[in-house]
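Reviewing the structure listed below.
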Amino acid sequence: MLGMILAFEALVGVGACIGAGIAAIGAGLGIGKIGSSAMESIARQPESAGDIRSNMIVIAALVEGVALFAVIVCALSLFL
């Protein structure tokens with residue numbers, strides 16, 4: 001019985017680490033896509049560079065916030 005509990009705790013740890021890794025990778029890909037699209041938009045319409053840059057920063061911050069939230073949830077599942 002004790003062996004099953006320890007095995008379950010080990011699987012929870014592995015799952016939390018995998019979840020945090022997936023969240024970090026997803027955030028990196030998302031912010032990269034945002035930056036790429038913003039640079040392409042600025043190249044097409046240089047006169048609206050300020051608006052595009054502002055929107056890019058806001059959206060990147062939102063993506064980063066969601067990724068941080070996902071990593072915190074994974075860490076909480078690991079320790080609680």
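The values are calculated or read from the model by the stated rules, or taken from the named source; none is laboratory data. On a predicted model such as this, the values are computed, not experimentally measured, just so you know. Don't worry about glycine lacking a Cβ; one is built from the backbone with ideal geometry, like all the others, and counts go over all protein chains shown. Surface areas here come from the heavy atoms of the whole protein model, side chains and all, with no ligands, DNA or RNA. Shrake-Rupley method; radii C 1.70, N 1.55, O 1.52, S 1.80 Å.
Points worth noting:
- Rounded to the nearest whole angstrom, the semi-axes of the ellipsoid equivalent to the chain, taken from the Cα gyration tensor as √(5λ), stand at 41, 11, 4, largest first.
- Solvent-accessible area per residue in the chain equals 73 Å², computed with a 1.4 angstrom probe and all protein chains kept.
- Heavy-atom accessible surface of the chain: percent carbon and sulfur, 1.4 Å: 76 percent
- Under a model in which nothing but the beta-carbon of Lys, Arg (+1) and Asp, Glu (-1) is charged, the chain shows a dipole of about 60 debye around its Cα centre.
- Degrees between helix 2-44 axis and first principal axis of the chain (Cα, 0 to 90, nearest 10): 0 degrees
- Cβ-Cβ FRET estimate between Cys17 and Ala61, R0 fixed at 35 Å, reported to 0.05: 0.85
- Nearest-ten-degree value, helix 49-79 long axis tilted from longest Cα axis of the chain: 0 degrees
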